[in-house]
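Worksheet: one structure, shown below.
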Amino acid sequence: MKNNPTKGTLEVICGSMFSGKSEELIRRVKRASIAQQSTRTFKHHFDNRSSNDQVNSHDGSSIEAIAVDNAESMMKYINNSVEVVGIDEIQFFPKDIIPAVWDLVQSGKRVIAVGLDLDFRGLPFGIMPTLLALADHVTKLKAVCVKCTKDAHFSQRLVNGKPAKASDPVIVIGAQECYEARCRDCFSIDHGPIFTINK
Ligand code: ZN
């Protein structure tokens, strides 16, 4: 048995909006820093919740982060001395983030990736199923359903106060939209013809 492992690990933290994913990333990265490990945290620049140089959680905690567009940009900031790599909102990254994460793990780094596992339609979000399958450790966090207070793992999209349709564009111009955490019973989506075709 090898006592000095040369390969790293992949931890994936997933869940709905408001489930505390960024908070958990911040906790793990801060803990690694206390253990005197060299850390680097990244976020996609689409995430406009905070300034460009931080990951912020809804509970007010934060850590330094570098905003990047893709894997190539991210890798420029990671040298041999980095031991722990945190990536927030990884579901926004293009597919080339998967081989990049894989290479980091193979080269001995601990990667902590955070993302929404389901989109607003309640369907698997882009690269997330692949990442979850490759992970050594998976943490699925739950929020509290705003309707009934049960555990929630869906992100309910509301456009002008009403549940969005699956066919709605990602951005509805001129509409007021927001998201709520909801349980399976309270989550509501009109899938329309997208799903009836396959039934
Ligand atoms: Zn509910």
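The values are calculated or read from the model by the stated rules, or taken from the named source; none is laboratory data. All values derive from a computational prediction rather than experimental measurement. Cβ: placed from backbone, ideal geometry, glycine included. Neighbour counts: every protein chain shown. SASA here: full protein model, heavy atoms, side chains in, ligands and nucleic acids out. Shrake-Rupley method; radii C 1.70, N 1.55, O 1.52, S 1.80 Å.
Selection of first residues in the range 140-167 that are under 13 Å from SER19 (Cα atoms) and open to solvent by less than 100 Å² (accessible area, probe 1.4 Å) and of second residues that are away from the ligand (no atom under 16 Å from the Cβ) and β-branched (Val, Ile, Thr), restricted to Cβ pairs under 7 Å at least 6 apart or on distinct chains, gives the following pairs, ordered by first then second residue: LEU141/ILE13.
What residue, among those in the range 179-199 that are part of a strand (DSSP E or B), open to solvent by 40 Å² or more (accessible area, probe 1.4 Å) and modelled with pLDDT of 90 or more, is farthest from the ligand (Cβ to nearest atom)?
The first filter runs over the range 179-199 and keeps only residues part of a strand (DSSP E or B), leaving 179-182, 190.
Going one step further and asking which of them are open to solvent by 40 Å² or more (accessible area, probe 1.4 Å), we end up with 179-180, 190.
Of the ones still in play, those that are also modelled with pLDDT of 90 or more are 179-180.
Numbers: TYR179: 15, GLU180: 10 Å.
Ranking the candidates gives TYR179 first.
If you filter the range 31-52 down to residues that are at pLDDT 75 or above and within 30 Å of CYS178 (Cβ to Cβ), you find that the one that is surrounded by the fewest Cβ atoms within 10 Å (Cβ to Cβ) is HIS45.
With respect to PHE120, determine if the residue is part of a loop (DSSP other than H, G, I, E, B), within 16 Å of the ligand (Cβ to nearest atom), open to solvent by 20 Å² or more (accessible area, probe 1.4 Å) and at pLDDT 90 or above. In short, no. Of all residues in the range 1-30, those that are under 23 Å from the mean Cα position of the chain (by Cα) and farther than 19 Å from LEU104 by Cβ total 13.
For the range 145-167, give me the residue count where each residue is out of contact with any helix residue (DSSP H, G or I) (no Cβ under 6 Å at 6 or more places or on another chain), more than 11 Å from the ligand (Cβ to nearest atom) and part of a loop (DSSP other than H, G, I, E, B). Walk me through how you get there before you give the answer.
Initially, the range 145-167 is screened for residues out of contact with any helix residue (DSSP H, G or I) (no Cβ under 6 Å at 6 or more places or on another chain), giving 145-165, 167.
Then drop every residue that is not more than 11 Å from the ligand (Cβ to nearest atom), which leaves 155, 157-165, 167.
Next, only the ones that are part of a loop (DSSP other than H, G, I, E, B) stay: 160-161, 164, 167.
Result for the range 145-167: 4.
For the range 68-97, filtering for residues that are outside any loop (DSSP other than H, G, I, E, B) and open to solvent by 30 Å² or more (accessible area, probe 1.4 Å) leaves 4.
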